[in-house]
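Written out below as structure tokens is the structure these notes cover.
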Amino acid sequence: MKPLAIWLAIVAVVFGGYALVASLLRDTEQVVVVVDASQPMALLNNDIIVELDRIDDREDAEFALATISDRPSNSGLVHSWQSDLRWPNTPLFGPCSFDGIETFPEAADADERILITTPGSCDTSALTDWTIIELSP
């Protein structure tokens with residue numbers, strides 16, 4: 001019985017060490033999330049929070065969050081790379097525009113790009129390689 005217990009202990013230590021090394025060496029995915037800060041989104045604050053919580057449940061990912069609108073005061077980087085998404089509950093107003101999207105270096109560096117918007121709020125046809133999440137008002 002003693003040799004079996006020693007063998008099980010050795011196997012557990014070897015596989016535990018392998019699992020630890022594998023998890024430490026795994027690449028972190030960078031995900032940028034852009035929230036449409038236009039008027040139709042103003043009534044969807046709770047839905048935005050729920051969607052951000054769903055997105056940041058991913059393991060081995062770091063997130064950058066930005067808002068985009070045609071008004072500079074309503075667009076900007078909310079936070080750069082961190083382990084979770086934090087929504088600041090800022091007022092949302094004005095029409096949607098992607099003119100300033102290239103000003104976010106996080107958007108260019110990200111492995112995945114996600115836009116949260118409402119149907120018909122923005123023309124998303126120019127956004128290639130983006131995941132579009134449409135919230136219904």
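The values are calculated or read from the model by the stated rules, or taken from the named source; none is laboratory data. What you see is a predicted model, and the numbers here were worked out from it, not measured in a lab. Don't worry about glycine lacking a Cβ; one is built from the backbone with ideal geometry, like all the others, and counts go over all protein chains shown. Accessible surface areas use protein heavy atoms only, side chains included; no ligands, DNA or RNA. Shrake-Rupley method; radii C 1.70, N 1.55, O 1.52, S 1.80 Å.
Things to note:
- Scanning the range 97-137 for residues that are without any contact (Cβ under 8 Å) to a residue 60 or more places away in the chain and in contact with an Asp or Glu (Cβ under 6 Å, 6 or more places away or on another chain), we see that the one that is least open to solvent (accessible area, probe 1.4 Å) is SER97.
- Among the residues of the range 16-40, the ones that are modelled with pLDDT of 80 or more and either closer than 17 Å to ASP57 by Cβ or among the aliphatic types (A, V, I, L, M) (or both) come to 8 in all.
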